[in-house]
1. Got a sec to turn the phi values of the stretch 68-73 into Karplus ³J(HN,Hα) couplings, 6.51 cos²θ - 1.76 cosθ + 1.60 with θ = phi - 60°, whole Hz, x for Gly and Pro?
2. For Glu327 paired with Glu97, estimate the spin-label separation in nm (one decimal), with each label point 7 Å from Cα along the Cα-to-Cβ line.
3. Please give the Cα centre distance for the stretch 433-461 versus the stretch 412-430, rounded to the nearest Å.
4. Kindly provide the helix-only [θ] at 222 nm of the chain, computed as the sum of -39,500 (n - 2.57) over DSSP H runs of four or more divided by all residues, to the nearest 500 deg cm²/dmol?
5. Among (1) 173; (2) 226; (3) 160, which is the computed volume of the Cα convex hull per residue in Å³?
6. What residues of the stretch 210-249 lie in the reach of a label at Glu172, counting those whose backbone N is under 11 Å from a point 7 Å from the Cα along Cα→Cβ?
7. If you wrap the stretch 1-155's Cα atoms in a convex hull and average its projection over all directions, what's the area in nm²?
8. Just want to confirm a number: the relative contact order over the chain, from Cα pairs under 8 angstrom separated by 6+ residues, in percent.
Amino acid sequence: MNEPDERDILRERFRADLARPVSERYYSEDELIAIFDSAGDYYDDYLRTEALLLGARLYPDSQALLARRAIFYSDRDMSLFRSFIDDNPSLDTPLAEIMRLSDAYPDRAKARERVESFIASHRLAEDEEVIQFVRIVHALGLDKWLVDNLDRVRAKVSYLPTLLYEIAVTAEESDIFDTIAIQLLEELTEMEAYAPEYWTLLAMAYLRHDRYDDARTAIDYALAIDPGNVEALKARLHSFTPESDSPEIDFLLDRLLILDPADSSVAYLAILRAEEHRDFDKVRSIIAALPADTRSSRPIIDKAVEHSHPDLAAYLADFYDYGFRDEDDWKALAELAYKAGSSTDVTLVLQIFESKSGHSLNHDFLLYRILYQLGKYDVAIAMFADAAPDGTLRQASNLHPAFAMYVTMLLRLGKMPEAREAVNAMLRLLDTEPAVPGTSLEKFGMHAFLDDILRRLRSVRPTDWSSYDPLSLDS
């Protein structure tokens, strides 16, 4: 496996030093710039912020660090960026001038003129200048300009691989860049043949153009250089077509679960594969081995509920603690537990939410359905009649199934007059009130269901209401 480069080592040393008092931290101006730039590659705003704060303390007059504050603000909020630029009119480094190009948005003609003027009189001497130049040109909608003028820009760049890389990584969100991505990445891998990330990018570009054999060759090169390269292993997964059922897929997933346990998408795919093989013990073991933050992603917690994981109570508590506190998420989990046939887990979901939030989830429609399934018709009918206005039983989306269960229970209890009265009342609503909730198909189905009940009530041939279930409410 490739050794971490100097910037990675520096960044992690800085991270470790954050536990020390500020007065005991010292980094050179160039080191803080490198930390900020490197942290940006990993979208680590925490490290970027700490680097800027320490830089402001140690080097308050640094123009290079001031320009990076402009980058930070532009990534967060363009109104903050413009305020910062307005308050620092003397900031005139090349990087700051590049950042100011974004002020031309959305006037594309003006933006093109300013970009042309800049590239005619400046070089792109630093990697961060190249990175921000490509990013801003893309944001201004000038991808075609960059492709048409690529030779001019190349001549202005001190380190060409950075330019090729930045255009290539933006290709996934740019049809114009994508037309030249393979060409640039092939050139890049010739220049930097021992960089697995470049081979992996080339493989992904090949895959976007359905060049599977070329993609696998590029991945082979990446893995020959670094057998444990996570992104290359993920690219190998992508290289299999949806209909593939190669044993290598499971091998790759097992490796990635160890190498990158934080990636919930890999874990979810591994769970789906185990489900396909009906290996439900493996599903539960995959979930159990995940870090709590990964396991607390919505797709993974859904699977824990579906499979009634023995540690579900702890997982649900983690799910709440990791910020999933929306009642709709928890109602959906309760629904999953219900569909999985575990009334115990339904209760568990409701209890964990109430213990964590301090208030009831009030998913009375789900409890109503459970009572229906258990044959507790008297209790369910009383619940329907006295449902709270803020509960789910009264939600418009639940009107049709809730009412259908209500009428069915009345019939099964032999309360024919009440059932007939309820049916006629709903038919009058359907026929006279266009505001009755539901799609046209739902209303048509409900009308047909109620008409059929009235016909059966008028018929001399008795109906076995205990087995009458045209809407599959019992299943």
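The values are calculated or read from the model by the stated rules, or taken from the named source; none is laboratory data. Since the structure is predicted, the reported quantities are computational estimates derived from the model, not experimental observations. Quick reminder, even Gly has a Cβ in these numbers, built from the backbone with ideal geometry, and neighbours come from all protein chains shown. When the accessible area is computed, the model is the full protein with side chains, heavy atoms only, and any ligands, DNA or RNA have been set aside. Shrake-Rupley method; radii C 1.70, N 1.55, O 1.52, S 1.80 Å.
1. Using θ = phi - 60°, the values come out as 6, 5, 4, 4, 4, 5 Hz.
2. About 5.8 nm separates the two model spin labels.
3. Each part reduced to its Cα centre gives a spacing of 11 Å.
4. Details: 28 runs with 329 residues, N = 475.
That calculation yields -21500 deg cm²/dmol at 222 nm.
5. Of the listed options (1) 173; (2) 226; (3) 160, (2) comes from this structure.
6. Once the point is set 7 Å along Cα→Cβ of Glu172, 235 turn out to lie under 11 Å by backbone N, inside the stretch 210-249.
7. Mean projected area for the stretch 1-155: 10.7 nm², to one decimal.
8. Relative contact order here is 6 percent.
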